[in-house]
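Structure first, commentary second.
The values are calculated or read from the model by the stated rules, or taken from the named source; none is laboratory data. From a predicted model like this one, the values you see are computed outputs, not experimental measurements. Cβ sites come from the backbone with ideal geometry, for glycine too, and all protein chains shown count toward neighbours. Note: accessible area is taken over every heavy atom of the protein model, side chains too, but ligands, DNA and RNA are not part of it. Shrake-Rupley method; radii C 1.70, N 1.55, O 1.52, S 1.80 Å.
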Amino acid sequence: MKKLLLLGSLVLFCTLFLLSCKKNSVDEQYTETVPPLTPDLSTPVSAFVGGFITDENGNAMPDAIIKAGTITVTSNEYGYFKINNAAFVKDAGFVEVTKSGYFTGYRTFIPIAGKEHFIRLQLIPKTIIGNINAAPGGTVTTADGATVTLPANSVVIASSNVTYTGNVHVAVHWLDPSSQTTQQNMPGDLRGIDSNGHLNILTTYGMLAVELYSDADELLQILPGKKAVISFPIPASLSGTAPASIPLWYFNTSNGLWKEDGMATRSGNNYIGEVSHFTFWNCDVPNLLVNFTVQLVDLNLNPISNTAVRINITGSANSARTDYTDTSGTVSGM
């Protein structure tokens, strides 16, 4: 193995297919994936996962509940956790993180049998930004300009599917696609299954976390057959590349991947779309996947672990992907 000294951040620039990537003096490989690719969500893999959970300001989050497969642990005073020999699936291992007052967080990765994956996840505060009377319906707007509109008589209690008629307390958070912070607190890993069942890498133009609550703090949902309207602001830095229409994707909490469901249409500097339920929603352009592996070592060929590696298309902040090296100094995935 050849030597490589990495000073500061490792930034890799690539085109869509990484055709222009040059070999560095570290062992690395990339393989173009021939579409369509169907994810393997059934083959079991036993692996380890550990990392740090923080709040919105990057402070340690103690007593967060982390679940991986059938194993549940709690983060310590430093926000650290570790889970040994958890059961994942081949193409999408993920952890679920809960903490009172925050939206549930998720981090997805490709598990390697017998190895430990390292993650960092920043939880998003769950803030009620406004109330809507369920009978006439109405709209709430975030300080960023995102909106959620409920039609009249369109809300049910999630646990019983019984129609709800009181005030709807709406918690909303917009995730800015041009901000690197979004990489730290978004759910999943920006891989999604399209309407044909194929796996894609996603270029995001904005995400919304939305939850509804009753006066009694019961979780609410949209009445089957009804649709709410959500609007995502488009940052000025992405306005020039934002398409006229874009697929909508929701985060599937059962497999840790995004799922294509509908379209959003651009209106000025916003994307507007209809949704039939509330969770995390995302406006994304799907792209082809590339399998990429790189190992980081020091001058003595010792692995550099738990270190962020970022890869992106030059000048396209919303195309970036970040992962952390494992105990062998390796990051590997799609």
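Here are the numbers for the structure shown:
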quantity: Pairwise label distance in nanometres, Thr43 with Asn167, each label 7 Å out on the Cα-Cβ vector; calculated: 5.3 nm
quantity: Loop-exposed trypsin sites (Lys or Arg not before Pro) per DSSP, neighbour cap 11 Cβ within 10 angstrom, longest uninterrupted part of the chain; calculated: 24-334
quantity: Percent of C-alpha pairs per 5 Å bin, region 45-196, short to long; calculated: 2, 9, 15, 16, 15, 14, 13, 9, 5, 2, 0
quantity: Shape category assigned to region 224-267 from the gyration tensor of Cα positions, a/c cut at 1.5; calculated: oblate
quantity: Region 265-334: radius of gyration over Cα atoms, expressed as a fraction of 2.2 N^0.38 Å; calculated: 1.61
quantity: 37 °C / 0.692 mPa s Stokes-Einstein diffusion coefficient of region 90-160, Kirkwood radius on C-alpha pairs, µm²/s; calculated: 209 µm²/s
quantity: Potential lengthening between Asn84 and Ser276 on full extension [0.36 nm per residue; Cα-Cα distance subtracted]; calculated: 65.4 nm
quantity: Calculated FRET efficiency for the pair Asp261/Leu299, C-beta based, R₀ 45 Å, to 0.05; calculated: 0.35
quantity: Total formal charge among the other residues, if their Cβ is under 14 angstrom from that of Pro235, Lys/Arg +1 and Asp/Glu -1; calculated: -1
quantity: Integer Hz, Karplus 6.51/-1.76/1.60 couplings in order for region 58-73, x for Gly and Pro; calculated: x, 7, 4, 10, x, 6, 6, 9, 10, 10, 9, x, 9, 9, 10, 9
quantity: Within the accessible area of the chain (1.4 Å probe), percent carbon and sulfur; calculated: 52 percent
quantity: Relative compactness, region 246-293, computed as alpha-carbon Rg over 2.2 N^0.38 Å; calculated: 1.32
quantity: Neighbourhood charge, 14 Å Cβ-Cβ cut-off, centred on Phe118 and excluding it, Lys, Arg +1 and Asp, Glu -1; calculated: 0
quantity: Length released on extending from Ala244 to Asn57, taking residue separation times 0.36 nm less the Cα-Cα span; calculated: 63.9 nm
quantity: Paramagnetic reach from Asn196 (point 7 Å along Cα→Cβ, amide N under 15 Å) across region 274-289; calculated: 286-289
quantity: Rounded, prolate or oblate (a/c below 1.5 giving rounded, otherwise prolate when a/b exceeds b/c) for region 167-218 by Cα gyration tensor; calculated: oblate
quantity: Charge tally in the Cβ shell below 10 Å around Ser195, where Lys, Arg are +1 and Asp, Glu are -1, Ser195 excluded; calculated: -2
quantity: Inter-centroid distance (Cα atoms) of region 279-298 relative to region 99-128, Å; calculated: 16 Å
quantity: Using alpha carbons only: equivalent-ellipsoid semi-axes of region 175-299, gyration tensor based, whole Å; calculated: 27, 19, 16
quantity: Principal axis dimensions, region 67-111 - Cα atoms, whole angstrom, descending; calculated: 31, 21, 16
quantity: Descending semi-axes in whole angstrom, ellipsoid equivalent of the chain, from the Cα gyration tensor; calculated: 35, 23, 18
quantity: Where region 220-329 is the region considered: accessible area per residue in Å², 1.4 Å probe; calculated: 40 Å²
quantity: Viscosity 0.692 mPa s, temperature 37 °C, Stokes-Einstein D of region 40-114 from Kirkwood C-alpha radius, µm²/s; calculated: 260 µm²/s
